[in-house]
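In what follows, a single structure is set out as structure tokens and then discussed.
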Amino acid sequence: MENIYKPYIAEIKEIVRETSDTTTFKLEFVDEEVKKSFDFKAGQFGEYSVFGVGECTFCIASSPTRKGYIECSFKKVGKVTSVLYDLNVGDKIGFRGPYGNWFPIDDMKGKNLIFVGGGIGLAPLRSLIWNCLDNRDDFKDITIIYGARSINDLVYKNELKEWKERKDINFVVTVDPGGEDKDWKGKVGFVPTVLEEVSPSKKNAVVITCGPPIMIKFVVLSLVKMGFSDEQIVTTLEMRMKCGLGKCGRCNIGNVYVCKDGPVFTYKEIKQFPAEF
Amino acid sequence: MNTKIITNIKKFIEELILNYAVYGPTKDGFIQFEDTNDINICSENTLKAPKEIFFPQTEVMFTYQKDKKGEAERPVLNEKRILLGVKPCDVKSFLIMDRLFDNDDYKDPYYIERRRSTVIMGIACLSPKDTCFCNSFDISLDNKEAVDILLTDIGGRYLTTGISDKGSEIIDNLEKASQDDIKKAEEVIKKAKDKLNSKVSLTDLSNKLKKVFEDDMWKRMTDKCLGCATCTYLCPTCHCFDVQDENLGKEGRRVRLWDSCQFPLFTLHTSGHNPREHKSERIRNRVMHKFSYFKGNFGEIACVGCGRCVENCPVNFDIREMLEMVSSK
């Protein structure tokens, strides 16, 4: 019987230091068969492990349209991420996944997409953004509003530049008041405020948002104020997880297991949850 | 039905040990009977439930060598097992765990491997305690579902019924039971049934629970809880677990360990946020999970009324009182 808890082995091919405590790995599976056959959808996550230290949970941050590798971005905060952070190109780690549901990309075709991200919460959105950009003709207008506490906390800086220059994206970047410097050319203000300022139309639109819980909360309030319906708002939730398969008992909100039934939910679904997250 | 009689249970088990790894009940829990001295048929509910035979407290999922990153091997289970002396409530717990660990969406390799290679020799329960409430779940004291063989103690002799083909084969050489033995077994079962008098009602409980999620009863009733998690460790259907790496020099193993939803660290995010920070929320989760969530997700209540949590709680928290409170709402 297949040992579903035995990870695939992946080699670190590239490392990008995003901020003082956040890093991105480009990973390739060592087994050629796995490398060829591995498939996932934007919004799914994995269990990344260092043998001898343990496993930790975060999303796949690259697009499923880019084959042969996956990328992940994480903040050095816990036991495993602290060790992961110090690894070098050529080191090998474990990966189990992909787990969970995904962004409803098929339902987004022919619609205007509004991405609202905060801090490292851009990681799951980035997977979907590139997925959409690689099939640009399938979607109408694309707006990306991204903010962080300060200039130094912005992640994927090279890609932000690229999105800024592209004519087929309306890209707005902001930092919290006090997070700017004198050369800063983006906006200054909290993400929900900037969102209201940009004021994208709700017509034929889907909003996909991810960031710190407090940001998501106020983004949703702004969107509701702007007339967006609960079904038009999509987000991805975070919970402490171990198995990734709905068994270990940690991540449930009521009878919904975030790892298996989520992590992607519409605001309509979230409103049905008991107040326990 | 293939009904036999065991006149010397010790001798019968000694013979089984020659061909099988035999696990049986002691007061504390189920252990492997390695030789004659170990053999014992505990007539009361064991302290620990037999779930650990299929879902051990520590499960080695694979081993690795730290310097050879990426090499991971899994230990192979290679034994034919007999699990002996399992009470009807605990047998029922296996059926509940099967729904969780062996379904169309999820196949737990370790659990299934053990479960499928184990012959279950159940035993009729003749000594229900006042903490037992299995009658609320319609579990019959001489349950024949999901056992291969059923034993009934009729005064030192055991009426032995082969239920499955596998079970019947094992007891094939035993002496045939007399009508008198069969009658005696019926009598002892009836007498035991009279001892059960739980009035816990499960009618519409799942829906009622959803309505009391915000009720202040959770805070009120859980005030005395110490958060020791004894209830979850002894419970035959609790199955929360942790995954950890254990190192011994260059060698290491990734293990799955029992964990408990009653510990605050269980759900603590790295950010410091904790969705179930207070014990009232954690106990609510345990009760809701057993009587509402699990039923919604897997079609059955995840409790068998064995009473272990009631009997062993250091502060006399009684889940039956909680259920009665919900029912009365």
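Quick one: if the Förster radius is 45 Å, what FRET efficiency do residue A:140 and residue B:318 give, using the C-beta to C-beta distance and rounding to 0.05?
0.15
Within 10 Å of each Cβ in peptide B:284-291, how many partner chain Cβ atoms are there on average? Round it to a whole number, please.
Per residue, the number of nearby Cβ atoms from other chains is 2 on average.
Taking the Cβ of each residue in B:238, B:231 as the centre, tally the other Cβ atoms inside 10 Å and list the residues starting with the fewest.
So the residues, fewest neighbours to most, are B:231, B:238.
Can you give the percent of C-alpha pairs in segment A:8-99 whose distance is more than 16 Å?
Counting pairs separated by more than 16 Å, the tail of P(r) holds 49 percent.
Taking a spot 7 Å from the Cα of residue B:219 along the direction of its beta carbon, which residues of segment B:281-298 have an amide N less than 12 Å from it?
The answer is B:281.
Checking the a/c ratio against 1.5 first, then a/b against b/c, what shape does the Cα gyration tensor give for segment A:105-236?
The shape class here is oblate.
Kindly state, to the nearest 0.05, the FRET efficiency for residue B:186 paired with residue B:250, given R0 = 45 Å and r defined as their beta-carbon distance.
Efficiency at R0 = 45 Å is approximately 0.15.
Just need log10 I(q)/I(0) for segment B:220-274 at q = 0.18, 0.21 Å⁻¹, Debye formula, equal scatterers on the alpha-carbon atoms, no solvent, rounded to two decimals.
Reported log10 I(q)/I(0), two decimals: -0.79, -0.93.
How far, in nm, would the chain grow between residue B:325 and residue B:77 when pulled straight, counting 0.36 nm per residue and subtracting the alpha carbon separation?
84.8 nm
Run through all the Cα pairs of the protein assembly as shown and give the fraction in each 20 Å bin from 0, expressed as whole percent.
18, 44, 28, 9, 1
Looking only at B:97, B:61, B:288, which one moves most when chain B is put into a Gaussian network model with springs between Cα atoms under 10 Å?
Most flexible of the set in this elastic network: B:61.
How large is log10 of I(q)/I(0) for segment B:212-329 at q = 0.16, 0.19 Å⁻¹ when the intensity is taken from the Debye formula with one equal scatterer per alpha-carbon?
Per q value, in the given order, log10 I(q)/I(0) is -0.83, -1.12.
Taking loop as defined by DSSP and a crowding limit of 10 other beta carbons within 10 Å, which GluC sites (Glu not before Pro) in segment A:1-65 fit?
Here the GluC sites (Glu not before Pro) that fit, given the DSSP loop and packing criteria, are A:2.
If the reach is capped at under 17 angstrom between alpha carbons, list the lysines near residue A:92, excluding any in the same chain fewer than eight residues apart.
Residue A:92 reaches A:6, A:13, A:26, A:35, B:66, B:68, B:69, B:250.
Can you tell me how chain A classifies by the Cα gyration tensor, rounded, prolate or oblate, using a/c under 1.5 as the rounded cut?
Prolate is the answer for chain A, as a/c is 1.5 or above and a/b outweighs b/c.
Mind checking segment B:225-329 for GluC sites (Glu not before Pro) that DSSP puts in a loop (not H, G, I, E or B) and that have at most 12 other Cβ atoms within 10 Å?
Here the sparse-neighbourhood loop sites are B:277.
Regarding segment B:73-171, what whole-number volume in Å³ per residue does the convex hull of its Cα atoms give?
Enclosed volume per residue, from the Cα hull, is 133 Å³.
Roughly speaking, what is the stretch gain from residue B:34 to residue B:127, that is 0.36 nm per residue apart minus the C-alpha to C-alpha distance, in nm to one decimal?
Taking residue B:34 through residue B:127 to full extension adds about 30.8 nm, to one decimal.
Could you tell me how far the Cα centroid of segment A:217-277 sits from the Cα centroid of segment A:120-143, in Å?
20 Å
Loop-only check: which trypsin sites (Lys or Arg not before Pro) in segment B:225-285 are DSSP coil with at most 16 other Cβ within 10 angstrom?
Loop-located and lightly packed - B:250.
Relative to a virtual label point 7 Å from the Cα of residue A:204 in the Cα→beta-carbon direction, which members of segment A:101-123 show backbone nitrogen distances below 12 Å?
Under cut-off, by backbone N: A:109-113.
So how much slack lies between residue B:7 and residue B:265, counting 0.36 nm per residue of separation and subtracting their Cα-Cα distance, in nm?
Using 0.36 nm per residue and subtracting the Cα-Cα distance, I get 87.7 nm.
What does the charge count near residue A:23 come to, summing +1 for each Lys or Arg and -1 for each Asp or Glu among other residues with Cβ under 14 Å from its Cβ?
Result for the neighbourhood of residue A:23: -1.
Tell me, what is the FRET efficiency for residue A:33 and residue B:204 to the nearest 0.05, using R0 = 45 angstrom and their Cβ-Cβ distance as r?
0.30
Over all directions, average the projected area of the Cα convex hull of chain B and note it in nm².
19.5 nm²
Taking 7 Å along the Cα-to-C-beta vector as the label spot, tell me the residue A:159-residue B:211 distance in nanometres, rounded to one decimal.
Going from the residue A:159 label point to the residue B:211 one covers 4.9 nm.
Bear in mind these aren't lab numbers, they're just calculated from the coordinates by the rules spelled out. Source: prediction; values computed, not measured. Note that we place each Cβ from the backbone using ideal geometry, even for glycine, and neighbour counts take in every protein chain shown.
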